[in-house]
Amino acid sequence: MKISQYFTQQKWQKLLQAGEQKQTPYLVIDLAYIKEKYAEMISLFPKAKIHYAMKASPAVEVVSLLADLGSNFDCASIYELDRVLGCGVEPERISYGNTIKKPAHVQYAYEKGIRLYATDSKADLKNIAQYAPGSKIFVRILVQGSDTAEWPLSRKFGCHPDMAVDLLVQAQKLGLEPYGISFHVGSQQKDVAAWDDALAKVKYMFDWMKYEEDIKLKMINLGGGFPTNYLSEVNPIKIYAQEIHRYLQEDYDEDEMPDIILEPGRSLVGGSGVLVSEVVLISRKSRTDLTRWVYLDVGLFGGLIETLGEAIKYPIYTPKMETENEQGTVILAGPTCDSTDIMYENAGYKLPQNLEVGDKVYWLTTGAYTNSYSSVEFNGFPPLTVIYTDTDKE
Ligand SMILES: *Cc1c(COP(=O)(O)O)cnc(C)c1O
């Protein structure tokens, strides 16, 4: 494991300095990284609207940075909505992307000026028609991709394309504007072709709506799913952009190209974070046990929930890796009294043989889905401390 794969020496030093006086565990977020990733995204998708999926990292620091850069936002609750409005973002730049919402929350969002809603069911559509009259609707469809996404989104959201067509027709009858179709191919999606399969379904629906229902849809929301650099190899976002543009150009003539919305979360913020932890205890379960149990002061309840099922494999670093050649297999576990609180047992992580209690262990690429998932007080442990810095500034 080489830290230089992830950070220049200078940036790494600045990140370490940002948290120097703090007790572990804490998360350092580099805003310079998010700026860079956002710039990359708009240069690769110049015609698309970026709606940042706030849940990946919802702090004011991140939201206001992206707001200043011109991003739009997708929120999943009225609480995220309040946050983003509080950062001065106009309601025209915000979508309500959660298909599961209370009528009162639809009404609240409407009163705040939100006019763009996702749906995937009749009941929700009716609520939107009643409490957010005249709004634009996009229907989320079920797509494949769960076997190639490291954090799949299963069948909880989306509906069959045939049902989606019915909902869009119904939307018009209810006085809403049937605007488009959305999907999410699963988070940390390693297979670029997942977008191809989804877009083929969308094209079929666009044609169906146009020729059978005389409704011209205008927008495709390609969701999130773009990857970040964990241990497993992924294509650069540039490849995703090239392929997605190719799929779109095959399906639509230039003059009838739909509006495109993207909802990146992980790919924008994942690489911005370093979670700094400390070794609490090292033990073996028998005298001849080859594997060390390394217990850290952070675990699944302190921000590392995406290690559940060993799904997301974060790169980890400890300074002794620079000098100690002997590495041994470890099981990595958190500090709480819940036996679920084991990050990696089968993934084959190795750490230096001379690792000691008190040594720091750095979790790289922990900028997404960490602080927003950290529990409030399980076993009395406080929520994860987060420090925001900008490694491009002095
Ligand atoms: C979580 C979510 C996203 C972001 O997904 P990433 O894989 O983090 O990019 C985008 N859209 C919706 C509707 C989501 O729920």
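For residue 249, the conditions (1) of a type in the set (S, T, N, Q); (2) within 16 Å of the ligand (Cβ to nearest atom); (3) at pLDDT 95 or above are fulfilled apart from (2).
Of everything in the stretch 76-89 that is part of a helix (DSSP H, G or I) and either among the hydroxyl-bearing types (Ser, Thr, Tyr) or open to solvent by 10 Å² or more (accessible area, probe 1.4 Å) (or both), the residue that is farthest from residue 182 (Cα to Cα) is 86.
Considered as a group, the residues in the stretch 316-336 that are of a type in the set (S, T, N, Q) and under 14 Å from residue 361 (Cβ atoms) include one that is most open to solvent (accessible area, probe 1.4 Å), and that residue is 327.
Only one of the listed residues (254, 263, 233) is at pLDDT 95 or above, among the acidic types (Asp, Glu) and not assigned by TED's automatic domain parsing to the domain that holds residue 373. That residue is 263.
For the stretch 91-108, taking the residues that are open to solvent by less than 40 Å² (accessible area, probe 1.4 Å) and not aliphatic (A, V, I, L, M), the one that is farthest from the ligand (Cβ to nearest atom) is identified as 91. Residues that are within 14 Å of the ligand (Cβ to nearest atom), open to solvent by 70 Å² or more (accessible area, probe 1.4 Å), closer than 28 Å to residue 369 by Cβ and polar (S, T, N, Q) occur at least once in the stretch 149-165.
Annotation note: Cβ proximity below 6 Å between a residue of the stretch 33-54 that is under 16 Å from residue 87 (Cβ atoms) and a residue that is assigned to a helix (DSSP H, G or I) and among the small types (Gly, Ala, Ser) (sequence gap 6+ or interchain) occurs for 34/272.
If only residues of the stretch 120-143 that are closer than 27 Å to residue 70 by Cβ and within 12 Å of the ligand (Cβ to nearest atom) are counted, the one that is least open to solvent (accessible area, probe 1.4 Å) is 138.
Tell me yes or no: at least one residue of the stretch 201-210 is under 20 Å from residue 160 (Cβ atoms), open to solvent by less than 10 Å² (accessible area, probe 1.4 Å) and away from the ligand (no atom under 16 Å from the Cβ).
Yes: one or more hits.
The values are calculated or read from the model by the stated rules, or taken from the named source; none is laboratory data. Just so it is clear, the model here is predicted, and its values are computed rather than measured. We place every Cβ from the backbone using ideal geometry, glycine too, and count neighbours over all the protein chains shown. To get the accessible areas, we keep the full protein, side chains included, count just its heavy atoms, and leave off ligands, DNA and RNA. Shrake-Rupley method; radii C 1.70, N 1.55, O 1.52, S 1.80 Å.
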